[in-house]
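*Asks:* There's a structure below that I have some questions on.
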Amino acid sequence: MDAAPVTAADRAPGASKWKLFLKVLPLTALFALAKFAVHAFSLEPWEFDSLTGSLFGASTFVLAFVLSGTLASYNASEDMVVQFINAVEAIDDVGRYAAALRPGLDAARLGNGLADLLDQLADWLANTLSFDQIQARLDELHASLVDLRQNSGDSVVDRALPELARMRILIERMAVNRDSEFLGPAYAILQIFLIGAVLALLLIGSDRFSETMVVSCFLFTSFTYLLLLIRDLDNPFQYDGSSSVDVDLSQFQRCRERLLARIASSA
């Protein structure tokens, strides 16, 4: 199967950095209309005081606390990609080393299998390829290592097996991160605080309505943006077009190109 190559523009998290902000703008417009209606009907019984200040402070704290946790998980997901590339390179090094020790030994099957796996990973993460097909590709890599061991007779090939096992673990972790929502209970308390903050922004009035409107819209936009950002960060392998913050997979493509270049140079 020849999958479309993964490019930095397609997978890089910075490619659509304004996408999330554009999602929030219509909600901000609705909030502004609601705020204007509340003011027009004189339904602003509150004034800004220490209690409402405490509510905004608590909301900000909860947002910051949850955001720090999701950022840590996101960084760990980025590290999975680096570890996977490292395992692929290590297996390829073993294959090329065995071929160098025994002239005439063909290690291209192993290199092509690694390149095909990198090509298919992006399709699997985008739900256009089944997990069973990825597992089948890993089984083919194991068979290639077995053949290489038998043909070379060198025990150095055995060093690639732990790397293959590490690749299986990393793929399983990617699958769990993509298919699971780890912060479900945290979203509940976060949403409660944000609903309270939004209601307070609607009901707080002042003598200068224009200033109140601008500050309220800014706070609403900030709170909503951070909530959506946290939900995106909680699923860093969601390549379905709905997410704007995904782990960059362009390293897979660059590694694949290096593997194919080595195969071509040794042919």
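The values are calculated or read from the model by the stated rules, or taken from the named source; none is laboratory data. Keep in mind the model is a prediction, meaning the values are calculated, not measured. Don't worry about glycine lacking a Cβ; one is built from the backbone with ideal geometry, like all the others, and counts go over all protein chains shown. Each accessible area value is taken on the protein alone, full model and side chains, heavy atoms only, with ligands, DNA and RNA left out. Shrake-Rupley method; radii C 1.70, N 1.55, O 1.52, S 1.80 Å.
*Asks:* Under the 0.36 nm per residue contour assumption, what length would be gained going from the current alpha-carbon distance of residue 105 and residue 151 to full extension?
*Replies:* Extending this stretch completely gives an extra 15.8 nm.
*Asks:* Okay, moving on. Would you mind telling me which residue in 237, 84, 131 has the biggest mean-square fluctuation in a Gaussian network model of the chain, where springs connect alpha carbons within a distance under 10 angstrom?
*Replies:* The residue that fluctuates most here is 131.
*Asks:* Could you work out how far helix 108-125 tilts from the main Cα principal axis of the chain, as a 0 to 90 degree angle to the nearest 10?
*Replies:* 20
*Asks:* Right, something else. Quickly work out the residue 43-to-residue 258 label distance, labels modelled 7 Å from Cα along the C-beta direction, and quote it in nm with one decimal.
*Replies:* Taking the two extended label points, one gets 6.1 nm.
*Asks:* Please give me the summed charge of the neighbours of residue 47: other residues whose Cβ is under 14 Å from its Cβ, Lys and Arg +1, Asp and Glu -1. Intermediate values should be presented prior to the final figure.
*Replies:* Details: positive: 208; negative: 44, 49, 207, 211.
It works out to a net charge of -3.
*Asks:* For the chain, take the longest principal axis of its alpha carbons; what is the angle in degrees between that and the long axis of helix 19-40, to the nearest 10 within 0 to 90?
*Replies:* 10
*Asks:* A follow-up question, please. Assuming 0.36 nm per residue, please report the length gained on full extension of the stretch residue 64 to residue 78 beyond their Cα-Cα distance.
*Replies:* 3.0 nm
*Asks:* Please report, to two decimal places, log10 I(q)/I(0) for segment 157-267 at q = 0.11, 0.16 Å⁻¹ as given by the Debye formula with identical point scatterers on the Cα atoms and no solvent.
*Replies:* Results for segment 157-267 at q = 0.11, 0.16 Å⁻¹ read -0.62, -0.92.
*Asks:* Shifting gears a bit: If you plug each phi of segment 134-143 into the Karplus form 6.51 cos²θ - 1.76 cosθ + 1.60 with θ = phi - 60°, what whole-Hz ³J(HN,Hα) values come out, in order, with x for Gly and Pro?
*Replies:* 5, 5, 5, 5, 5, 5, 5, 5, 4, 5
*Asks:* Between residue 89 and residue 22, what is the label-to-label distance in nm when each label sits 7 Å out along the Cα-to-Cβ direction?
*Replies:* 3.6
*Asks:* OK, next. Could you work out how far helix 160-179 tilts from the main Cα principal axis of the chain, as a 0 to 90 degree angle to the nearest 10?
*Replies:* Approximately 20 degrees, to the nearest 10.
*Asks:* Full extension from residue 161 to residue 128: what is 0.36 nm times the residue separation minus their Cα-Cα distance, to one decimal in nm?
*Replies:* That works out to 9.1 nm of additional length.
*Asks:* Can you give the helix-only mean residue ellipticity at 222 nm for the chain, where every DSSP H stretch with n ≥ 4 adds -39500 (n - 2.57) and the sum goes over all residues, rounded to the nearest 500 deg cm²/dmol?
*Replies:* Per the formula, -26000 deg cm²/dmol.
*Asks:* Let me ask something additional. Taking all protein chains as present, what is the carbon and sulfur share of the accessible area of segment 124-180, in % to the nearest whole number, probe 1.4 Å?
*Replies:* Here it works out to 48 percent.
*Asks:* Continuing with the same structure: Report residue 176's accessible area, 1.4 Å probe, all protein chains in place, as a number in Å² to the nearest 10.
*Replies:* 70
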